[in-house]
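*Asks:* Before I ask anything, let me first share the structure, which is written out below as structure tokens.
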Amino acid sequence: MKQIYPASITGQSFAAGGSVLDHAFGKSDPYTLGVEEEYMLLDPETFDLVQHVDTVLAAIAGHEFEAHVNPELMQSVLEVATPVCRTPADVDHALRQLRMYVTGIAQEQGLRVGSAGTHPFSLFERQRITARDRYRNLVDQLQYIARRELIFGLHVHVAVDDPDKAIQVVNGLLPHLASLLALSASSPFWRGEPTGLSSSRQMVFAAFPRSGPPPRFRDYADYAAVVGQLEKTGCIADYTHIWWDIRLHPRLGTIEIRVCDAVTRVEDAVAIAAYCQSLVKLLCERYEAGEQIPSYHRILTTENKWLAARYGLEAPVMDLATGRRNRVPIAQLVRRTLKELEPHARELGADRELEGVREIVGRGNGADLQQRIFNANRDIVEVVQEIAAATEIAPVPA
């Protein structure tokens, strides 16, 4: 398919003079996928971040992947986006191609590439803002909050065929925020320090306005009225300035799941995409069958998300579905959810990739691996070396 989910979608306006009520829900096949990853640009000797995104972008000009590789807020960050994919296997193929291409271009420019929720020791004060009006305006508006945003995320788009259905699916995804964060958490270090957190990225991004879990909306008209009020009063230029953990993307007709840290292993990104796709299908079918989609107070879902950011896959969270008095390990909830998702994953052709989630639970997430590497020699640079080695896919020799 030629259509792509734009890599730097936050840099796009929705429509000149358009209404947020305009949307593309139902204009593409349901459950199709698009995945975005944000990468670090690294010095090959010091493994510190380098401000060379424009060099990389100049090197890819005119290539078939040019539309899939874009800048981000900092000049040390590169974002890639897959084409529209029908299955997680398609995502796997697309991400491997993109990682291989970016790895090769980086090597030609004397650079390395890494993927994780934060760079373990780089300082945001040393980063330069990308020379785009979008980013300069963002820094002008948010000041220190934007300058501190040296973080890297994984975003998963899943197409839904009806706007009201999409609203209810987002509501139904809220209890799963903690699991998605625990599976992807890969930012235990910040500014060269062990934070004691699995995802310090979440704590940094929490300072942004219009971030965190979205509010629950009654229907699409309710959502459009709220976003329309923000737009017409000039609080935001368009809905892409809303940075919730999960948000609607009306122009693409997708639900965009944004809570995840960038992950190092491509297999983990694919597994998480399969998990998201299967969850959306499960919730869509419950909505279509007229079933009530469970809803919980924001305080409860936010508390579980905090526990996931702190403890990762060992987080002792509330089992909201059963209402048990005792907390349970989040890994237990993930395994239970996997059993619910298995038939839906089979229908999507995603069952093999969904097994990757079970593997993450068994061996630990990216934060666990980084901490093991650091604990061996107390060498923070070694952590980044390992991140780069596990991120990069070597180009095939000519």
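*Asks:* Using a ≥ b ≥ c from the Cα gyration tensor of the chain (square roots of the eigenvalues), is it rounded, prolate or oblate, where a/c under 1.5 gives rounded and otherwise the larger of a/b and b/c decides, a/b for prolate?
*Replies:* Since a/c stays below 1.5, the shape of the chain is classed as rounded.
*Asks:* Go through 324-331, 39-46 and give me the packing order, highest mean Cβ count within 10 Å leading.
*Replies:* 39-46, 324-331
*Asks:* While we're here: Using 0.36 nm per residue, how much length does the chain from R191 to A289 gain when fully extended, once their Cα-Cα distance is taken away?
*Replies:* Computed gain between R191 and A289 is 30.4 nm.
*Asks:* Continuing with this model, one more query. Counting only heavy atoms of the protein chains, get the accessible area per residue of segment 244-334 (1.4 Å probe) and round it to a whole Å² value.
*Replies:* Using a 1.4 Å probe on heavy atoms only, each residue of segment 244-334 averages 39 Å².
*Asks:* Continuing with this model, one more query. With the cut-off at 1.5 for a/c, could you classify segment 307-398 from its C-alpha gyration tensor as rounded, prolate or oblate?
*Replies:* oblate
*Asks:* Then there is this: What length, rounded to one decimal in nm, is gained on full extension from D319 through to E66, with 0.36 nm per residue of separation minus their alpha-carbon distance?
*Replies:* 86.6 nm is the gain from fully extending D319 to E66.
*Asks:* Sticking with this structure for a sec: Using a 1.4 Å probe over the heavy atoms of the protein chains, calculate the carbon and sulfur portion of the accessible area of segment 41-130 as a whole percent.
*Replies:* 46
*Asks:* Hey, another quick one. So what's the back-of-envelope 222 nm ellipticity for the chain, counting only DSSP H runs of four-plus at -39500 (n - 2.57) apiece and dividing by all residues, rounded to 500?
*Replies:* Calculated from helices alone, the mean residue ellipticity at 222 nm is -13500 deg cm²/dmol.
*Asks:* Quickly rank 289-298, 215-224 as a protection proxy: mean count of other C-beta atoms within 10 Å, highest first.
*Replies:* In descending order of packing, they fall as 215-224, 289-298.
*Asks:* Lys/Arg Cβ at +1, Asp/Glu Cβ at -1, dipole of segment 284-375 taken about the Cα centre: which of L307, N375, L341 is farthest positive-ward?
*Replies:* N375
*Asks:* Turning to a different aspect of this structure: Ignoring ligands, DNA and RNA, please state the percent of accessible area on segment 191-344 from carbon and sulfur, probe 1.4 Å.
*Replies:* The value for segment 191-344 is 51 percent carbon and sulfur by accessible area.
*Asks:* Taking the dipole about the Cα centre of segment 138-286, with the C-beta of Lys and Arg at +1 and of Asp and Glu at -1, give me whichever of W244, L197, L283 is farthest to the positive side.
*Replies:* Towards the positive end, the residue furthest out is L197.
*Asks:* I've got another one for you. Rounded, prolate or oblate: which one fits segment 42-116, using the alpha carbon gyration tensor with axes a ≥ b ≥ c (rounded when a/c is under 1.5, else prolate when a/b beats b/c, else oblate)?
*Replies:* Prolate.
*Asks:* Right, something else. Leaving out ligands and nucleic acids, note down the accessible area per residue over segment 96-189 with a 1.4 angstrom probe, in whole Å².
*Replies:* 33
*Asks:* Let me ask something else. Work out, step by step, the length gained on full extension between A89 and R126: first 0.36 nm times the residue separation, then minus their alpha carbon distance; give nm to one decimal.
*Replies:* Extending this stretch completely gives an extra 9.5 nm.
The values are calculated or read from the model by the stated rules, or taken from the named source; none is laboratory data. The structure presented is a predicted model; accordingly, all values stated were derived computationally and were not measured. A quick note on method: Cβ atoms are made from the backbone with ideal geometry, for glycine too, and the neighbour counts reach across all protein chains shown. To get the accessible areas, we keep the full protein, side chains included, count just its heavy atoms, and leave off ligands, DNA and RNA. Shrake-Rupley method; radii C 1.70, N 1.55, O 1.52, S 1.80 Å.
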